[in-house]
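> Okay, handing you the structure first.
The values are calculated or read from the model by the stated rules, or taken from the named source; none is laboratory data. This is a predicted model, so every value here is computed, not measured. Every residue, glycine among them, receives a Cβ derived from its backbone with ideal geometry; neighbour counts consider all protein chains shown. These area figures cover heavy atoms from the full protein model, side chains too; ligands, DNA and RNA do not enter into them. Shrake-Rupley method; radii C 1.70, N 1.55, O 1.52, S 1.80 Å.
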Amino acid sequence: MTTPKPRVAIYPGSFDPLTSGHVDIIERGSRIFDQIIVSILSNVEKTPLFSEKERIEIIRDVFKGRGNVQVETFHGLLVDYAQQKQASVIVRGLRAVSDFEYEFQMALMNRHLAPGIETVFMMPAEQYTYISSRLIKEVFMLGGEITGLVPPLVEQKLRAKQKAKKK
Ligand code: PNS
């Protein structure tokens, strides 16, 4: 009998910064797939607050000790990266109907480019359905409370950024 090939999933995104919603999806994914690769890719429509290096460090720290969660970056097409990693699945979180159109377009474009790769949508826990990295940054910068909506390390890093900006 041959050993089945490990099922590798890519969880791509900007993660600028990582939110509790992302953490929830990564945990769910890591229970379903043999390996989940959290991939920081560039979104041409966004200018990040955190550098790629900072984002990698944060996610690696939050998931340290979790053997089947890997964190990497890639510059280029997501499907090229997935093929390079021999991943058969792309995981994306779906929070609300408003996410659907964008996600549907991306999933079908990725399927057009690489028919062998499936996009799997996962829902985060209800308490995270309204969180986005964009809102976190906005609320934090305007003095709002974000505790619990991001991992403590992210809150710490946001405070450090704010402090550095004020100097
Ligand atoms: O967290 P985001 O910003 O919604 O993630 C979007 C991301 C990074 C997954 C998307 O922009 C992407 O896949 N970028 C890599 C380049 C690519 O393959 N673009 C075509 C997507 S159909």
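> Report yes if some residue within the range 101-124 is more than 13 Å from the ligand (Cβ to nearest atom), open to solvent by less than 90 Å² (accessible area, probe 1.4 Å) and in a helix (DSSP H, G or I); otherwise report no.
For the range 101-124, residues more than 13 Å from the ligand (Cβ to nearest atom), open to solvent by less than 90 Å² (accessible area, probe 1.4 Å) and in a helix (DSSP H, G or I): absent.
> Take the range 81-100 and flag every residue that is more than 13 Å from the chain's Cα centre (by Cα) and either small (Gly, Ala, Ser) or exposed (fewer than 12 other Cβ atoms within 10 Å of the Cβ) (or both).
82, 84, 86, 87, 88, 96, 97, 98
> Within the range 88-100, take every residue that is under 16 Å from residue 132 (Cβ atoms) and not in a helix (DSSP H, G or I) and give me the one that is farthest from the ligand (Cβ to nearest atom).
Going residue by residue through the range 88-100, those that are under 16 Å from residue 132 (Cβ atoms) are 92-100.
Still in the list and also not in a helix (DSSP H, G or I): 92-96.
Values: 92: 8, 93: 9, 94: 11, 95: 11, 96: 14 Å.
Per the stated criteria, the residue is 96.
Quick grid of which residues meet (1) of a type in the set (Asp, Glu); (2) over 26 Å from residue 126 (Cβ atoms); (3) surrounded by 15 or more Cβ atoms within 10 Å (Cβ to Cβ); (4) more than 15 Å from the chain's Cα centre (by Cα):
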| site | (1), (2), (3), (4) |
| --- | --- |
| 34 | yes, yes, no, yes |
| 37 | no, yes, yes, no |
| 40 | no, yes, yes, no |
| 45 | yes, yes, no, yes |
| 66 | no, no, no, yes |
| 70 | no, yes, yes, no |
| 76 | no, yes, no, yes |
| 79 | no, yes, yes, yes |
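> Identify, from the list 145, 155, 138, the residue that is modelled with pLDDT of 95 or more, open to solvent by 30 Å² or more (accessible area, probe 1.4 Å) and part of a helix (DSSP H, G or I). Show your work before the answer.
Numbers: 145 fails: part of a helix (DSSP H, G or I); 155 fails: open to solvent by 30 Å² or more (accessible area, probe 1.4 Å).
Within the list 145, 155, 138, the selection yields 138.
> Among the numbered criteria (1) in a strand (DSSP E or B); (2) farther than 15 Å from residue 78 by Cα, which single criterion is violated by residue 3?
(1)
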